[in-house]
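Undergrad: Okay, here's the structure, questions in a sec.
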Amino acid sequence: MPSKSNLPNPEKNQDSQNRGGTYCWNPEKMLETLLKNSEEMAEKGFETGLPKLVDTILKSYETLGGIDHLEGKDLPSKKVVIEVLEDLLSVLFPGYLGKENVTKTNIKYVLGTTLTSIYARLTNEVEKSLKYICRKITECPHDICQKRAQVVVKEILEKIPEIRALSSGDVEAAYNGDPAAVSIEEVILSYPCVLAIATYRIAHELYLRGIPLIPRIMSEHVHSLTGVDIHPGAKIGKNFFIDHGTGVVIGETAEIGDNVKLYQGVTLGALSFPKDEKGQIIKGIKRHPTIGNNVVIYSGATLLGPDAIVGDNVVIGGNVWVTSPIAPGTKITIARPELNYKKKKA
């Protein structure tokens, strides 16, 4: 219970009222407002005004286009895509991720039922994504999107052993590259880079097959969880490690070789966005850096544009800004800043 000295001052609240302030810190005014609102609600409750509210919101659907999609059958479900992603991750890391209690005796059954479920749900979402594109481009045969979706999802699931091999290398790179890592188990269960990179490797396969929307739903979902933003279009080699992770950005046309280690806050971004004669951004061109093998890039470094080509065995220090090529075997750092020390007065 606050003391009297900590209670709001009525005179100050009156002054605040005169200046156009609110009553929120005046208990008497709060009670007065509450009683007044209670009387109004008794006379005209929410249900009474609901029809008018519905009409007003419907009108906004007509006047504010672009943020509503009333033909939702041709868009993938974000919720379902995320659920499928979680199941795919549980297949990549059985016993670590997922809700199933997996043992050697039931793994075959669990894997079979999980893959069957993933196939059905992901095929449905991929089909809707393809229909979304078909509707924008041309009239397609009625079953072509369904057939293409079946082929794509089958190929993705058949890629799982290869994705697991890459993910195993990524986990090993994290364990070997971080002296604070106690065990492989700790890395898989807790390191954000494992989740971010494994999701990237799944989304990348969908991206390579021209599937719209779903790869970005996956990558941006994990971006929101980890702070690591990897576009599914990027090309990333083996044994990739992102230490700490927060704030890392890897653009769509970035290329990263094998055995690369990034620290937090590294950006592999675009230097500028060239535009066509109509002033529209030109898409589909190389915009991001290329990183060679065995490269280490420390926190806060920013590499921008297609000319930022980093050779093998390069070390890039923290907060460095790079827009041009770096020769193999180079170590690049910012000049040591001059520090001024001033003794405090006693």
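Undergrad: Could you list, in sequence order, the residues of region 235-247 that are modelled with pLDDT of 95 or more, over 13 Å from Ala198 (Cα atoms) and open to solvent by less than 50 Å² (accessible area, probe 1.4 Å)?
TA: Matches in region 235-247: Asp243, Gly247.
Undergrad: Report yes if Tyr207 is free of Cβ contacts under 8 Å to residues at least 60 places away in the same chain, in contact with a helix residue (DSSP H, G or I) (Cβ under 7 Å, 6 or more places away or on another chain) and under 20 Å from Val81 (Cβ atoms), otherwise no.
TA: So Tyr207 fits the description; yes.
Undergrad: Right, next: Taking into account only those residues within region 167-193 that are surrounded by 18 or more Cβ atoms within 10 Å (Cβ to Cβ) and among the hydrophobic types (A, V, I, L, M, F, W, C), which is nearest to His223 (Cα to Cα)?
TA: That would be Cys193.
Yes/no per residue for (1) within 24 Å of the chain's Cα centre (by Cα); (2) open to solvent by 60 Å² or more (accessible area, probe 1.4 Å); (3) among the aliphatic types (A, V, I, L, M):
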position	(1), (2), (3)
Gly233	yes, no, no
Thr253	yes, no, no
Gly257	yes, no, no
Leu262	yes, no, yes
Lys275	no, yes, no
Gln280	no, yes, no
Asn340	no, yes, no
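Undergrad: Here is a list of conditions, (1) open to solvent by 30 Å² or more (accessible area, probe 1.4 Å); (2) touching a residue at least 60 places away in the same chain (Cβ under 8 Å); (3) over 23 Å from the mean Cα position of the chain (by Cα), and Val151 meets all of them except one; can you say which number that is?
TA: Going through the list (1) open to solvent by 30 Å² or more (accessible area, probe 1.4 Å); (2) touching a residue at least 60 places away in the same chain (Cβ under 8 Å); (3) over 23 Å from the mean Cα position of the chain (by Cα), Val151 breaks only (2).
Undergrad: State the number of residues belonging to region 98-114 that are closer than 26 Å to Leu208 by Cβ and open to solvent by less than 50 Å² (accessible area, probe 1.4 Å).
TA: Residues flagged as closer than 26 Å to Leu208 by Cβ and open to solvent by less than 50 Å² (accessible area, probe 1.4 Å) within region 98-114 amount to 1.
Undergrad: Also, quick follow-up: Looking at region 182-224, which of its residues are part of a loop (DSSP other than H, G, I, E, B) and in contact with a Leu (Cβ under 8 Å, 6 or more places away or on another chain)?
TA: If the condition is that a residue be part of a loop (DSSP other than H, G, I, E, B) and in contact with a Leu (Cβ under 8 Å, 6 or more places away or on another chain), then Ile211, Pro212, Leu213 are the ones that fit.
Undergrad: Follow-up. All but one of (1) touching a helix residue (DSSP H, G or I) at 6+ places or on another chain (Cβ under 7 Å); (2) of a type in the set (A, V, I, L, M, F, W, C); (3) in contact (Cβ under 8 Å) with a residue 60 or more places away in the chain; (4) crowded, with 19+ Cβ neighbours inside 10 Å hold for Ile156; state the number of the condition that does not hold.
TA: (3)
Undergrad: In addition: If the Cβ limit is 7 Å and pairs must be 6+ apart or interchain, which residue in region 264-279 that is within 20 Å of Ile291 (Cα to Cα) pairs with which residue that is open to solvent by 100 Å² or more (accessible area, probe 1.4 Å)?
TA: Matching pairs, first to second residue: Gln264/His244.
Undergrad: Taking Ile133, is it of a type in the set (A, V, I, L, M), touching a residue at least 12 places away in the same chain (Cβ under 8 Å) and surrounded by fewer than 18 Cβ atoms within 10 Å (Cβ to Cβ)?
TA: In short, yes.
Undergrad: Would you be able to tell me the number of residues in region 25-73 that are open to solvent by less than 80 Å² (accessible area, probe 1.4 Å), at pLDDT below 70, more than 30 Å from Gln146 (Cβ to Cβ) and not in a loop (DSSP other than H, G, I, E, B)?
TA: 2
Undergrad: Residues in region 280-325 that are in contact (Cβ under 8 Å) with a residue 24 or more places away in the chain and in a strand (DSSP E or B): how many?
TA: 8
The values are calculated or read from the model by the stated rules, or taken from the named source; none is laboratory data. Values in this document were obtained by computation on a predicted structure and should not be read as measured data. With ideal geometry, Cβ positions are generated from the backbone for all residues, glycine too; neighbour counts draw on all protein chains shown. To get the accessible areas, we keep the full protein, side chains included, count just its heavy atoms, and leave off ligands, DNA and RNA. Shrake-Rupley method; radii C 1.70, N 1.55, O 1.52, S 1.80 Å.
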